[in-house]
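A short worksheet on the structure shown next.
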Amino acid sequence: MDKHTIIGLLIIFAMFLGYSFYSSHKAQEAREKQLAEQELQADKKAKRDTTKYVQLAADSLTGKQDANAKATTPTSVKQQSSNSILGYVDSTKNNDFVVRTNKAEYHFSRYGGYVKSVLLKDIYKYAPEGEKKDELVMFQDNTTSMSIPLRVRDSVQSLIYSDKCYFTAEKDTVDVKSGTGHLRLYLHPYKLSDSTNAVSSEVDNNAYVMFDYTFKADEYMLDYTVRMKNMSKYLFKQSMNLDWKASLYSVEKNVKAERDLSTLYYMDNRDEVENLNERASDSKEMPTELKWVSFKQQFFTSILIAKNQDFRKGKMEVKVDNKNDNDPMLKKMESNVNFDIADFDNGQFDMQMYYGPNQYKVLKGYDMNLEKLVPLGWGFFLLHWINRFIVIPIFNWLEAYGISYGIIILILSIFIKIVILPLAYKTYLSSAKMRVLRPQIEELNAKFPKPEDAMKKQQATMTLYKKAGISPMGGCVPMLIQMPILIAMYRFFPAAYELRQQGFLWAEDLSTYDSILNLSFSIPFYGDHVSLFTLLMTAATLVYTWLNNRLMSVGNNDQMKMMKWMMYLMPILFLGMFNSFSSALTYYYLLINLITFLQMWIFRMAIDEKKLLKKMETNMVKPVKKTKWQARMEEMIKQQQQLQQQQQKRK
């Protein structure tokens, strides 16, 4: 590793570190500002709702209840009006509708007919070592709702929300162990008099709004269809709005990391997948068509998909209103999408819903760009190409053999180092050439000690390199080519669902940090725990730096001393950065360092530096043909020298 390579890495690290601090500071400012605004708006809303509720109560007592009273009733008032023409209530049944497949157990609310909670089978929520792990439940304890406003033709109340209406079904429980199964939920109206349009007490069983759910035994995806049957007599024709809300709660060990990776994703009519801000509250209104909307957590997601025709438009919002990083409530999310049903007597709108893991190979299989919910570095083509076409196929191939994930990472590390072996050899060879040529470089430094001779020294150095057959960028370019691979791994391991709750050695979960000691206090920039893989990675990096400095035999001037100090400081800074990262990632970086030690030893044994110097000295006496780049550089240096001479004459 030559001087230019070291300087380049230091600049890259400084930029990365500076951006991280800047982003963290800005995100914190945005979060605090959002919290203050939300508290102010909540106070104002509470005052408005209280005033409206008092007025509604007074109007109802005096017989002046407004026709649109439901629209102004506070959302905390759950009970549907007794004058509603929709939803016959069977007071003897209040339990949920339940559907069981081989993948999950779904609970549907009788009031609203929406998915109330989902238990994912054979998938467990995080629990400290030694404690019982419970099966993972998405959206428990009334943390989600889904509602469609319906405009009815009675004179009492024109707007009714489906999540306040009582649904019925042919069966309360459905088991789907093979093939497909259905849960059909009905919302029947009370009959209206043809002459007076008054509501009778008789239910019209020939008319209904139906939520038809279709399940496949071995899939997380289900079909969801909203059907209308003979409802034009009871409902005004309208554009339908589906309002979906959910509060996401932590199910992983590292709550802060889980929160930072949770947000709302969506795909527009151009098949472009985007997301709202991951670090602060955010909202987005889409005037164009949408194909799907997703409430995404670190390893799990719930998705609403327009099946045959797109949602016409949508509004989305993410709220971060928790002030404590360890608060289990991650974020509140809401989406409001618009769709049309052309015929209220015999029409429908088809959708799909997905409740399950953010697993690349599962989401990729649906061919709807859902795999972009897995953060593989989609912003830069090289990163996701490396992950999609190299890392993931090899990882899945090795996984099929049933071997430990720690061994899979080891094999993957060896494979990657073998692939980039020619680049590593070229980098080492370049540094070896620079090392054996150092006496000549020192002579040039002594020959041109003055600052004003810097251009002459540079020209003489380049001439020496050219005669010796050394490319000044020979050591830097191969290292820069390897950088996308290192960054791709940085994206892959924390996002790999397969590593979730998979142990190796002392790490109980490779998807999060491996804590060997929990501290009773928090150290700034480090945390409240000690990750052993991170410590070993840091130690290996320091040893590599020490060995590399010895091989380079750099000078002892002040500049070189400062550079040495910075090279030792970088791993210490990385120690704090990686302490809370995925242990699979720090384990991988540790392996890469260890394999690099082995490579350096092999290269050192294979390259005879005395023979290399002799070969370079032979090359120096041969005539060298200038390349176009070298000719341009020499011409540029000459022009700079002439400019300096002119400036000195003027003085």
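The values are calculated or read from the model by the stated rules, or taken from the named source; none is laboratory data. Fair warning: this is a prediction, and the values are worked out from it, not measured in the lab. Here the Cβ is made from the backbone with ideal geometry for all residues, glycine too, and neighbour counts use every protein chain on show. Heavy atoms of the whole protein, side chains included, go into the accessibility calculation; ligands, DNA and RNA do not. Shrake-Rupley method; radii C 1.70, N 1.55, O 1.52, S 1.80 Å.
How much length, in nm to one decimal, is gained on full extension between Arg604 and Lys133, taken as 0.36 nm per residue of separation minus their Cα-Cα distance? Could you put the intermediate results ahead of the total?
Values: separation 471, 0.36 × 471 = 169.56 nm, distance 5.09 nm.
Length gained, Arg604 through Lys133: 164.5 nm.
Distance between the modelled labels on Phe380 and Thr180, one decimal in nanometres: 4.4 nm (7 Å Cα→Cβ projection). Local charge for Ile516 was computed over the other residues whose Cβ lies under 15 Å away, with Lys and Arg +1 and Asp and Glu -1, and equals -4. Computed over neighbours whose Cβ is under 14 Å from that of Gln482, the net charge equals +2, Lys and Arg +1, Asp and Glu -1.
What FRET efficiency, computed as 1/(1 + (r/R0)^6) with R0 = 35 Å and r the Cβ-Cβ distance, is obtained for Ala539 and Ile414, rounded to the nearest 0.05?
Numbers: r = 21 Å, r/R0 = 0.60.
Efficiency computed from Cβ-Cβ geometry: 0.95.
With contacts defined as alpha carbon pairs under 8 Å and 6 or more residues apart, what's the relative contact order of region 342-470 in percent?
Rounded, it is 10 percent for region 342-470.
Note on Phe236 and Glu202: their simple-model spin labels are 2.8 nm apart, each label 7 Å out from Cα toward Cβ. Measuring with a 1.4 angstrom probe and ignoring ligands and nucleic acids, His107 comes out at about 40 Å² accessible. Stretching Gln639 away from Asp327 to a fully extended chain increases their span by 105.9 nm, per 0.36 nm per residue minus the current alpha-carbon distance. Between Arg153 and Thr214, the C-beta separation translates, for a Förster distance of 25 Å, into a calculated FRET efficiency of about 0.25.
Using a probe of 1.4 Å, the accessible surface attributed to Lys116 totals some 50 Å² when neighbouring protein chains are kept in position.
Sequence gap at least 6, Cα distance under 8 Å: using those rules, report the relative contact order of region 238-323 to the nearest whole percent.
Details: 135 pairs, mean separation 24.0, N = 86.
The normalised contact order for region 238-323 reaches 28 percent.
Using Cα pairs closer than 8 Å and at least 6 residues apart in sequence, work out the relative contact order for region 202-271, in percent. Intermediate results must be reported in sequence, preceding the final value.
Numbers: 42 pairs, mean separation 14.9, N = 70.
Reported relative contact order: 21 percent.
Cross-link pairs exceeding 28 Å between alpha carbons, from the set Lys457/Lys615; Lys171/Lys191; Lys233/Lys291; Lys164/Lys256; Lys164/Lys319; Lys121/Lys284: Lys233/Lys291; Lys164/Lys256; Lys121/Lys284. At a Förster distance of 56 Å, what's the computed FRET efficiency of Glu442 paired with Asn338, Cβ-Cβ distance as r, to 0.05? In this case the efficiency is close to 0.15. Take Thr288: with every protein chain present and a 1.4 Å probe, its accessible area is about 50 Å².
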